[in-house]
Amino acid sequence: MNSSPWWKEATIYQIYPRSFFDSNGDGEGDLPGITSKLDYVKSLGVDAIWLSPFYTSPNKDGGYDVANPRDVDPRFGNLEDARELITQAHKRDLRVIADIVPNHFSDQHKWFQAALKAKRGSKERERFHFYDANEDGTPPNNWISLFGGPSWTQVEDGQFYLHLFDSTQPDLNWENPEVNADFEKTLRFWIDLGVDGFRIDVAHGLIKEDVLTNHPDPQGLSNALRLDVAMDSDKRNALLLTVPYFDRQGVHEIYRKWRKLFDSYTGREIMAVAEAWVHPPVNATRYVRADELHQVFNFDLLTAEFDSDVLFDVVERSISLNATVNALPTWALSNHDSPRVASRIGDEQARALALFVFGLPGSAYVFAGQELGLPDGQLQDSDRQDPTFFRTNGAIKGRDGARVPLPWGGDTKPFGFSTAKPWLPISQSWKDFTIENELADPKSSLHLYKNALELRKEFLVGAGGITWLESSQHGHKSDSLLSYSRGAITVVMNLSDSAKECDAEGKLLIVSGGTVDARDGKKVIPARSTAWFLT
Ligand code: GLC
Ligand code: CA
């Protein structure tokens, strides 16, 4: 029996509740909708689900603007529905990870409403970051929100409050012990309801220092911090080294306290994964020191080019840095904030990369719809809901393309997602991507994911580290192959546009596209494809 904790090498399926399945015909996905589709989720071979926020929220930022973190928003159901979802997931041996948002509340949270009514310097305002205007009336500093526009909004008496995101998402003041006490209450609330772990939103942002210091290129920095804005990697990395409001030392004290809270639930193996995009990359490992959190997202694959040198560096660095703190890496190709991987690098490449990372040590995160090979939804500007689109006057289109609801079946849109008009339109061209269609087609992306996850469980979970066989650093042929062996499996990815021979031995287990031929005793890997061999 495998005695390592459940999350160590899990595959975790991210569900964006509003886009998964609508159970009551209002055009928006909901918790009972997710519960009704758990058999599908289980059939993928994943170990856990991560639910993006479903808490009470005016929904100005897709629910990441939380007005009551200990209740369910009526658009998603109620607390009983949450309890039932957890119970049904556990019945199927699926763990449940809730998404917690500690960096900010919604402006509709009772604390912020009280702060607006209270005076400058009051204890109500001390829970947020309220500052006086500069003498010339300008905001306290020049920071640009990650969604565009100033990071400050002025209230009636002339003070400004800080919001790294939308103006409806005031940042909390984590120097105030009341804030931590309230969050610990929230963590306990959900653990008591049955959740098995947390994804911590903006985990690197809670402690603010240098709040009154200007940044030399605030707009460039704001763009660099967005996963949906393309930017040259060197330029991005240089800017990311200068963030004044993320990754301060104080955040680690918070997670040390939380870890004690998690561990106090003996026998439960409560885990937490940090959304902490920090630079230099070595800093990410601090979040997963033995007395802090269990995992930290690796964002590199969400922006990396389909290039052997780039991918080699990302994989090698992530494994080796995590090893310094005895942790395993995480891998994600898509999430609700980034373009879908099939649109970003191409559909064959996306399948190849998925099969490549499913072989690696650590946990793999799969964003719902990724298993179908879904592209970004094609939207009109009038459909868009992401605050970024509005705050940049349309200059940045935002993240809605990745959030279009899932196509379940049938021949006409919205393909079984809802009996009503979906909250974001699904295009008729998604007919081939429905779960029903892909289940019927053994060559579909869906079957690739199911087969790969089954093989991953059978041969790779717990199989230890990798040995590189081909890369520009380790190999001998070209820069078109990346290959490693792990346990009994050899994984070979051909990144080029033509078939390539390789020396891999053993029996072919799975290939992400095309067929693997033999030539003069060598295996021929199709273009833009990954294959696994059992030796
Ligand atoms: C995280 C979430 C993103 C949200 C932001 C503000 O980055 O993933 O969706 O907009 O935090 O809460
Ligand atoms: Ca609904």
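The values are calculated or read from the model by the stated rules, or taken from the named source; none is laboratory data. It should be emphasised that the depicted structure is a prediction, and the values quoted were computed from it without experimental measurement. Ideal geometry is used to build each Cβ from the backbone, glycine not excepted, and the neighbour counts take in all protein chains shown. What goes into the accessible areas is simple: the full protein's heavy atoms, side chains included, and nothing from ligands, DNA or RNA. Shrake-Rupley method; radii C 1.70, N 1.55, O 1.52, S 1.80 Å.
With the checklist (1) surrounded by 21 or more Cβ atoms within 10 Å (Cβ to Cβ); (2) away from ligand 1 (no atom under 14 Å from the Cβ) in hand, flag the one item GLY362 doesn't pass.
Result: GLY362 fails condition (1) only.
Kindly list the number of the only condition in (1) touching a residue at least 40 places away in the same chain (Cβ under 8 Å); (2) assigned to a loop (DSSP other than H, G, I, E, B) that fails for ASP157.
(1)
Does the range 462-475 contain any residue that is part of a loop (DSSP other than H, G, I, E, B), open to solvent by less than 50 Å² (accessible area, probe 1.4 Å), among the hydroxyl-bearing types (Ser, Thr, Tyr) and more than 30 Å from SER318 (Cα to Cα)?
Checking the range 462-475: not a single residue is part of a loop (DSSP other than H, G, I, E, B), open to solvent by less than 50 Å² (accessible area, probe 1.4 Å), among the hydroxyl-bearing types (Ser, Thr, Tyr) and more than 30 Å from SER318 (Cα to Cα).
From the list LEU261, LEU206, LEU240, LEU227, pick out the single residue that is within 26 Å of VAL288 (Cβ to Cβ), touching a Ser or Thr at 6+ places or on another chain (Cβ under 6 Å) and of a type in the set (A, V, I, L, M, F, W, C).
Details: LEU261 fails: touching a Ser or Thr at 6+ places or on another chain (Cβ under 6 Å); LEU206 fails: touching a Ser or Thr at 6+ places or on another chain (Cβ under 6 Å); LEU240 fails: touching a Ser or Thr at 6+ places or on another chain (Cβ under 6 Å).
Within the list LEU261, LEU206, LEU240, LEU227, the selection yields LEU227.
Does at least one position in the range 32-46 carry a residue that is away from ligand 1 (no atom under 16 Å from the Cβ), of a type in the set (Gly, Ala, Ser) and touching a helix residue (DSSP H, G or I) at 6+ places or on another chain (Cβ under 6 Å)? Spell out the reasoning first.
The initial filter retains those residues of the range 32-46 that are away from ligand 1 (no atom under 16 Å from the Cβ), namely 32-46.
Filter again for of a type in the set (Gly, Ala, Ser), leaving 33, 36, 43, 45.
The next check asks that each one be touching a helix residue (DSSP H, G or I) at 6+ places or on another chain (Cβ under 6 Å); those that pass are 45.
Taking every residue of the range 32-46 in turn, at least one turns out to be away from ligand 1 (no atom under 16 Å from the Cβ), of a type in the set (Gly, Ala, Ser) and touching a helix residue (DSSP H, G or I) at 6+ places or on another chain (Cβ under 6 Å).
Given LEU164, LEU187, which one is of a type in the set (A, V, I, L, M) and assigned to a loop (DSSP other than H, G, I, E, B)?
Details: LEU187 fails: assigned to a loop (DSSP other than H, G, I, E, B).
Selected residue: LEU164, the only one of LEU164, LEU187 that is of a type in the set (A, V, I, L, M) and assigned to a loop (DSSP other than H, G, I, E, B).
Of the residues that make up the range 133-152, is at least one away from ligand 1 (no atom under 16 Å from the Cβ), more than 23 Å from ALA203 (Cα to Cα), among the aliphatic types (A, V, I, L, M) and buried (at least 22 other Cβ atoms within 10 Å of the Cβ)?
no
Out of (1) of a type outside the set (A, V, I, L, M); (2) touching a residue at least 40 places away in the same chain (Cβ under 8 Å); (3) in a loop (DSSP other than H, G, I, E, B), what's the single condition that is false for GLY121?
Of (1) of a type outside the set (A, V, I, L, M); (2) touching a residue at least 40 places away in the same chain (Cβ under 8 Å); (3) in a loop (DSSP other than H, G, I, E, B), only one is false for GLY121: (2).
Starting from the range 5-30, keep only residues that are without any contact (Cβ under 8 Å) to a residue 40 or more places away in the chain, then list their pairs with residues that are open to solvent by less than 10 Å² (accessible area, probe 1.4 Å) and outside any loop (DSSP other than H, G, I, E, B) whose Cβ atoms are within a distance under 9 Å, requiring at least 6 positions of separation or different chains.
From residues that are without any contact (Cβ under 8 Å) to a residue 40 or more places away in the chain, the pairs are SER23/LEU31; SER23/GLY33; SER23/ILE34; ASN24/GLY33.
Could you check how many residues of the range 500-523 are touching a Leu at 6+ places or on another chain (Cβ under 7 Å) and surrounded by fewer than 14 Cβ atoms within 10 Å (Cβ to Cβ)?
Final tally of qualifying residues: 1.
Considering each of LYS110, LYS60, LYS42 in turn, give the residue that is among the charged types (D, E, K, R), at pLDDT 95 or above, out of contact with any Gly (no Cβ under 8 Å at 6 or more places or on another chain) and within 27 Å of THR434 (Cα to Cα).
Values: LYS110 fails: within 27 Å of THR434 (Cα to Cα); LYS60 fails: within 27 Å of THR434 (Cα to Cα).
Criteria check complete, one pass: LYS42.
Give the range 54-82 a look and list any residue that's in contact (Cβ under 8 Å) with a residue 60 or more places away in the chain, assigned to a loop (DSSP other than H, G, I, E, B) and within 16 Å of ligand 2 (Cβ to nearest atom), or say none. Write out each step before concluding.
At the first step, the residues of the range 54-82 found to be in contact (Cβ under 8 Å) with a residue 60 or more places away in the chain are 58, 60-62, 64-65, 69-70, 79, 82.
Right, trim to assigned to a loop (DSSP other than H, G, I, E, B) and you get 58, 60-62, 64-65.
GLY62 - this is the single residue of the range 54-82 that is in contact (Cβ under 8 Å) with a residue 60 or more places away in the chain, assigned to a loop (DSSP other than H, G, I, E, B) and within 16 Å of ligand 2 (Cβ to nearest atom).
Counting just the residues of the range 398-448 that are basic (Lys, Arg) and in contact (Cβ under 8 Å) with a residue 24 or more places away in the chain, which one comes out nearest to ASP386 (Cα to Cα)?
ARG399
Residue-wise test of (1) out of contact with any Gly (no Cβ under 6 Å at 6 or more places or on another chain); (2) surrounded by fewer than 20 Cβ atoms within 10 Å (Cβ to Cβ); (3) of a type in the set (D, E, K, R).
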{"residue": "THR242", "(1), (2), (3)": "yes, yes, no"}
{"residue": "TYR245", "(1), (2), (3)": "yes, no, no"}
{"residue": "ARG268", "(1), (2), (3)": "yes, yes, yes"}
{"residue": "ILE319", "(1), (2), (3)": "yes, yes, no"}
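Can you tell me which residue within the range 204-230, out of those that are open to solvent by less than 70 Å² (accessible area, probe 1.4 Å), of a type in the set (A, V, I, L, M) and in contact (Cβ under 8 Å) with a residue 40 or more places away in the chain, is farthest from GLU305 (Cα to Cα)?
VAL211
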